[in-house]
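The values are calculated or read from the model by the stated rules, or taken from the named source; none is laboratory data. As the structure is a computational prediction, the values presented were derived from the model and not from experiment. All Cβ positions, even for glycine, are placed from backbone atoms using ideal geometry, and neighbour counts span all protein chains on display. The accessibility values were calculated without ligands, DNA or RNA, using every heavy atom of the protein model including side chains. Shrake-Rupley method; radii C 1.70, N 1.55, O 1.52, S 1.80 Å.
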4 protein chains.
Amino acid sequence: MKKVKTAVVGASGYTGQELLRILLRHRGVELVCATSRQYAGQELCDVFPRFRHVPGADLKFTDSDVAAIAATGAEAAFLALPHGVAAAYARGLVEAGLRVIDLSADFRLNDPAVYEEFYGKAHPDVELMQEAVYGMPERHREAIEKARIVGSPGCYPTSIILPLAPLLREGLLLPDDIVVNSGSGVSGAGRKADIAYNFCECNENMHAYSLPRHRHLSEIEQELSLEAGAKVVITFTPHLMPVNTGILTTTVAKLAPGATAEAVGACLHRAYDGAPFVRLMGENKPAETKYVTRTNFVDIGWSVDARTHRLVLMSAEDNVIKGAGGQGVHAFNVMFGFDETEGLWLI
Amino acid sequence: MKKVKTAVVGASGYTGQELLRILLRHRGVELVCATSRQYAGQELCDVFPRFRHVPGADLKFTDSDVAAIAATGAEAAFLALPHGVAAAYARGLVEAGLRVIDLSADFRLNDPAVYEEFYGKAHPDVELMQEAVYGMPERHREAIEKARIVGSPGCYPTSIILPLAPLLREGLLLPDDIVVNSGSGVSGAGRKADIAYNFCECNENMHAYSLPRHRHLSEIEQELSLEAGAKVVITFTPHLMPVNTGILTTTVAKLAPGATAEAVGACLHRAYDGAPFVRLMGENKPAETKYVTRTNFVDIGWSVDARTHRLVLMSAEDNVIKGAGGQGVHAFNVMFGFDETEGLWLI
Amino acid sequence: MKKVKTAVVGASGYTGQELLRILLRHRGVELVCATSRQYAGQELCDVFPRFRHVPGADLKFTDSDVAAIAATGAEAAFLALPHGVAAAYARGLVEAGLRVIDLSADFRLNDPAVYEEFYGKAHPDVELMQEAVYGMPERHREAIEKARIVGSPGCYPTSIILPLAPLLREGLLLPDDIVVNSGSGVSGAGRKADIAYNFCECNENMHAYSLPRHRHLSEIEQELSLEAGAKVVITFTPHLMPVNTGILTTTVAKLAPGATAEAVGACLHRAYDGAPFVRLMGENKPAETKYVTRTNFVDIGWSVDARTHRLVLMSAEDNVIKGAGGQGVHAFNVMFGFDETEGLWLI
Amino acid sequence: MKKVKTAVVGASGYTGQELLRILLRHRGVELVCATSRQYAGQELCDVFPRFRHVPGADLKFTDSDVAAIAATGAEAAFLALPHGVAAAYARGLVEAGLRVIDLSADFRLNDPAVYEEFYGKAHPDVELMQEAVYGMPERHREAIEKARIVGSPGCYPTSIILPLAPLLREGLLLPDDIVVNSGSGVSGAGRKADIAYNFCECNENMHAYSLPRHRHLSEIEQELSLEAGAKVVITFTPHLMPVNTGILTTTVAKLAPGATAEAVGACLHRAYDGAPFVRLMGENKPAETKYVTRTNFVDIGWSVDARTHRLVLMSAEDNVIKGAGGQGVHAFNVMFGFDETEGLWLI
């Protein structure tokens, strides 16, 4: 199997760790560069002791410099940087000929006004933002194949968009009556010293946060509107769950007149029977985070509330894999002509 | 302080344990009887080792016989029995002159047809069911004062009804567009040997259950319809959370035209400023289960989603205290003329 | 009941919170002052939302000034400050006539050389250190009654000293062959922003720490040597457990020739049958942290390994109650003539 | 790569699940048979939903019949059956020409008297028990290569024997003064309905169990005595930890006169520098379970307590991988000539 020289920029957080975990065992990847300002000079396996003894994990973190990254001969670069920081690297890497998969929010939107509304400042590179492809292979595979830059979807959006997209596309749901509740494992908050994420604060606890408007709404509504052919505005409430990883989403939407549970099931099967990483649980079958953690799967169940003619969609994924690095590698596989599942049969 | 001779029938589950924990320290209670078929003859503190050395915890469990319970001279009886079993005890105890607080679902509904629809069989004592008062002191205090039998509310219903009731009563919400998501700690499933509640199955996991229709819907809709003056039908999805105790509820409802965040806050304050166990967190302030576990408080926050003109209500309580035994003791205090908070300043 | 005007100095950590939780409901305490540099001006119940609505919890935190504390008329002061900081307050408070209960390590040792060896600097007030009484009421009750200053024992030491003390005193164990392993809940590390105590780092994990020598060894060996009448040196390995609170200690010691399980049990019963907070589980009965968390109890079980003539002692307590604030209140009760259990029947 | 036809007998517990997880991705395995009385007729991925969509996971469980297993053409069989049940299958499978790796305790001992002492009954097939090789590849590689039947080591024994073995072999420790404390994740208790393993009973709790004598002592002492060239008798106390998987062992042993930390480190490096799955953390470096869960690694740290001339060994592994199925696959790799690490670079 051919090997693609690959760089990971900003690899020291929880997302970076999972991404490295996948890439170290991907048969089509030669990891040539991993950057981290904080850990420059240390081996990957010193920073992430899980990796000790694993072939390739003695690579040393380097500083995060565009020219140095390009000089490694890397053909592909994953950016696992904070929102707002990734944009500063993308232009230089793309111009140096690398194909870029950005795991931050910097290249997910196409409307600069929406970016500014949700992120509080103008986007620094609108042209590249508008060139970027939203990296959800189940929906944008062809565009990803040719993309120079991919904005890999957020963790919440992935769990919300995938079940809703085909149903909105086929008109089975009313686009203006959608209520979404999600919970995320604590790794979603990142690897940082903050008393709010101390064990004693999160353990034996659960609560909503980011009221009244979470930033991920922007990309969720952008993509759902595309599918519905109409402006979709939803109510979305994220929660912090006392688990390391996992996202659980419960979406409640008004069914279109005449829409049935059978029609919902048939629509989802049409959309996803060929999708390796989408697993349909069936009617009245919940998705459980324990079945998807540490994998690239998203599980989807559904239930019709006949008393209110509403549909309840239940979806589960791993926030740092399908919701981050795994989905990025999925896009990488599409971009570089590998089998979609290469490196991703994680169970 | 006067002492009320009190019996607890069926005291060996998680709810029974918390109820005993409260009653053992209630200054107005003389615990004269605790029954458990399984543990008859053993001391309370042998079954619940937390209680060792605590005054009164050397009481022995007895068998569950109505005549024997009455013979103890008990004036009050709490029933902590499974749904369907409680009704078999209530009539005899009431006729023996005891005032009964039932923690099961047997005496919460007033319509026998609804009972049959949700519980799958006819109610064995419709007359007593219709006499029973729904034991939510914040809403039915006067009726509780005089009641011979109280049906103490369910755990989910308490967290759902309390925030919604005043808003529906004052017409600030549309009654036909309410979506509720709740999560419960594993103690809500009871103290039983079932692989589904094994540590390894629940830990690091979260999922919905009881799709498409949970039994608690019946009492939720009964009480909300009373408040709204119109039939309220909601979509309710319960989830299992990886914590021992706690309920977190997120309710999303369409605001009436013109209703504002200020009006919502003012309405909630009018309703609950004098209620000792309802704590209003404020606008855009989430409720967190860690602040209410092991207490009789329910915390309520709210947030207006201006983009969709929906209200998000966040509420948290302890499922085995405010959602079970604590609320029962609150009703007991009202029935026997104690201060509402007697025995319940649990922090 | 008389009320003792009481101050808590440095009340904003996990220990401070539990101490306040107890004092707010202690019938003999009038809380006149709680200090916190970080939270000065805020109400207790704003910093600790669990306390909202509880009588007395609207007291405001003040700055930590000795003169200001004394000016409140306080007769007693608890110091819940970091090691090294407490000593700076103790002298002034004692001279102002307050009786001081220090929860830090500053007043637990009586040998200044040992203090310097384990804490890395000279003690700033050797005279007061040597006057201070080691605040373990089961062993030093009479001295505590009269003490101006009490050094309240550490969390690990309490769980280790209590089971060993009577056995060493009566010569049932060899004093030179004791191996102790303990685990502590994460609250033992304090309430601070440090990535090592992030939920994702502690959850689903366990490990030893503080190798090769934990500071608490100093007070453990001081007290055990007192009991044995000979220098006791032990091997002690602390571990971090993925729970909020609780200490579990397993002590393995060589039995003296001829010592039996029966003799061990009889000795422990002699020592503790009148001790309200020590519960003896029996032979081959483990102690479990879940039975003691949020209480002031320490549970002790024992088992004889006949194959090696060793004794295994198992003890459990709550690190922030019996291992901190609860034990301090126990000493306070002894100092001010209250019933030992006043405010401490926490179950 | 050649494919070995492989059967898994009794594959429906937590150990079976992890074993299947490994075998489904092992390039040298063709899984021809998985048995389970309870689940016969169902696909692997129905019983273990994690496996849905994974190639090979649509295999159906069959009943557990020796002739039927042999008829599949299997060359190798893993037995993941309860202790006492495995022996009933082993003889037939071996005589049918399969090479057997037994994950139960039935073939780990070589002395029938010791088996009877610890397991309470005579071994049903002493001849085969004595033929069996103790399947620890780091110590018995050559015997495993040729073995017809391997008794794969227990979870606790693996974490205890590996750090001690070279040190006893080289005389750095006194063989008669070893105290071992271990904790195991709840999966170690198996996948069964038992209220003792309910989430609410294990969560936020820790305790010792199996006092005064755990069955695993028998194999630990057998193997350590082999290494020491003298009878080794240890004190071993197992604990239940509130995590899904992981074993943490802290071993405290008296150093031989003159033995130093340097000598300990050098000895461990000599023994394990070529061992792919043993990772030496270094002096005063603890092993943490989070770095080894879901991998086949065992991590070992050490610390010398100069005050008592004792050595503290810290070791961590995953109880259902290195402590069960992973170690079995390691032996399988040795038996069938694969690279030792085939299928086991789990990170």
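Here A:Lys2 is the anchor, and the aspartates and glutamates within straight C-alpha reach of less than 20 Å, apart from those fewer than 8 places off in the same chain, are A:Glu30, A:Glu75, A:Glu145, A:Asp339, A:Glu340, A:Glu342. Across the range A:217-261, Cα-Cα distances exceeding 15 Å account for 62% of all pairs. Using only Cα atoms, locate the centre of the range C:1-72 and the centre of the range B:98-128, then give the distance between them in Å, rounded to an integer. Comparing the Cα centres of the range C:1-72 and the range B:98-128, I get a distance of 47 Å. Counting only lysines at least 8 places from D:Lys285 when in the same chain, those with an alpha carbon closer than 22 Å to its own are A:Lys60, D:Lys254, D:Lys322. Put simply, chains D and C cover up around 3700 Å² of each other's accessible surface, both sides summed, when a 1.4 Å probe is used.
With one equal scatterer per alpha carbon and no solvent term, the Debye-computed log10 I(q)/I(0) for the range D:232-347 at 0.12 1/Å reads -0.49. Each label point was placed 7 Å from the Cα along the Cα-to-Cβ direction; for B:Ala68 and A:Thr341 their separation is 6.1 nm. Computed from label points 7 Å out along Cα-Cβ, the spacing between B:Ile195 and A:Arg270 is 3.8 nm.
The Cα-based radius of gyration and maximum Cα-Cα distance (Dmax) for the range D:1-83 are 11.5, 34 Å. When only the Cβ of Lys, Arg, Asp and Glu is charged (+1, +1, -1, -1), the dipole of the range B:214-305 relative to its Cα centre reaches about 200 debye. Computed over chain D, the per-residue total of -39500 (n - 2.57) for DSSP H runs of n ≥ 4 gives a 222 nm mean residue ellipticity of -8500 deg cm²/dmol, rounded to 500. Pairs of Cα atoms under 8 Å, at least six residues apart: use those to get the relative contact order of chain B, whole percent. Worked out over chain B, it gives 17 percent. Karplus-derived 3J(HN,Hα) values for the range A:293-301, using 6.51 cos²θ - 1.76 cosθ + 1.60 with θ = phi - 60°, are 4, 6, 10, 9, 7, 10, 9, 10, x Hz; glycine and proline are entered as x. DSSP beta bridges fully contained in the range D:180-287 are about 60 percent antiparallel. Share of carbon and sulfur in the accessible area of the range C:71-182 stands at 49%, probe radius 1.4 Å. Rolling a 1.4 Å probe across all protein chains gives C:Asp339 an accessible area of roughly 100 Å². When the trypsin sites (Lys or Arg not before Pro) in the range B:86-129 are filtered for DSSP coil states and for at most 14 other beta-carbon atoms within 10 Å of their beta-carbon, the remaining sites are B:Lys121.
The trypsin sites (Lys or Arg not before Pro) of the range B:231-315 that meet both conditions, a loop assignment by DSSP and at most 15 other Cβ atoms within 10 Å of the site Cβ, are B:Lys231, B:Arg307. Here is how far apart the C:Asp65 label points are across copies: 5.4, 7.1, 8.9 nm, shortest first, using a point 7 Å from Cα toward Cβ. Across every direction, the projection of the convex hull enclosing the Cα atoms of the range C:150-195 has a mean area of 5.1 nm².
Sorted from nearest, the other copies put their A:Ala196 label points 2.5, 3.5, 4.3 nm away, the label point being 7 Å from Cα in the direction of Cβ. Remark: label point of D:Lys2 defined 7 Å out from Cα along the Cα-Cβ vector; separations to the same position in other copies 3.5, 8.9, 8.9 nm, ascending.
For the range A:264-347, the solvent-accessible area works out to 22 Å² per residue, with a probe of 1.4 Å and every protein chain left in place. Within the range B:107-264, the percentage of alpha carbon pairs spaced more than 19 angstrom apart rounds to 60%. Looking at chain C alone, DSSP beta bridges between its own residues are antiparallel in about 45 percent of cases. Distance from the Cα centroid of the range A:244-282 to that of the range C:224-271 is 58 Å (rounded to whole angstrom).
For the range D:288-311, a reduction of at least 50 Å² in accessible area between the chain on its own and the assembled protein chains (probe 1.4 Å) is found at D:Lys290, D:Tyr291, D:Arg294, D:Arg307, D:Arg310. The convex hull around the C-alpha trace of the range C:285-347, projected and averaged over every direction, spans 5.1 square nanometres. Size of chain D: Rg and Dmax of its alpha carbons, in Å, are 19.6, 63.
Within the protein assembly as shown, antiparallel bridges make up roughly 45 percent of the DSSP beta bridges whose residues both belong there.
Tell me, how many Å apart are the Cα centres for the range C:130-151 and for the range B:289-347? Cα centres, the range C:130-151 to the range B:289-347: 42 Å. Placing +1 on the Cβ of every Lys and Arg and -1 on the Cβ of every Asp and Glu, with no other charges, gives the protein assembly as shown a dipole of roughly 0 debye about its Cα centre. Residues of the range C:314-338 that lose at least 20 Å² of accessible area (1.4 Å probe, protein heavy atoms only) when the other protein chains are present, relative to their chain alone, are C:Met314.
For the range D:78-92, backbone nitrogen atoms closer than 13 Å to the point 7 Å from D:Glu127 Cα along Cα-to-C-beta are found at D:91-92.
Using the beta-carbon distance between D:Ser225 and D:Glu116 and R0 = 22 Å, what value does 1/(1 + (r/R0)^6) give for FRET efficiency, to the nearest 0.05? Working from the Cβ atoms, E equals 0.75. Name the residues of the range C:117-154 whose amide N is less than 14 Å from a point 7 angstrom out from the Cα of C:Glu95 along the C-beta direction? Once the point is set 7 Å along Cα→Cβ of C:Glu95, C:125-128 turn out to lie under 14 Å by backbone N, inside the range C:117-154. With a 1.4 Å probe and all protein chains left in place, how much of the accessible area of the range C:189-347 comes from carbon and sulfur atoms, in whole percent? The value for the range C:189-347 is 51 percent carbon and sulfur by accessible area. Across the protein assembly as shown, Cα-Cα distances exceeding 64 Å account for 10% of all pairs.
Normalised size of the range B:1-151, defined as Cα radius of gyration per 2.2 N^0.38 Å with N residues, equals 1.04. The H on the amide N of A:Thr237, modeled in the peptide plane, is under 5 Å from the matching H of A:Val180, A:Asn181, A:Ser182, each at least 5 residues off or on a different chain.
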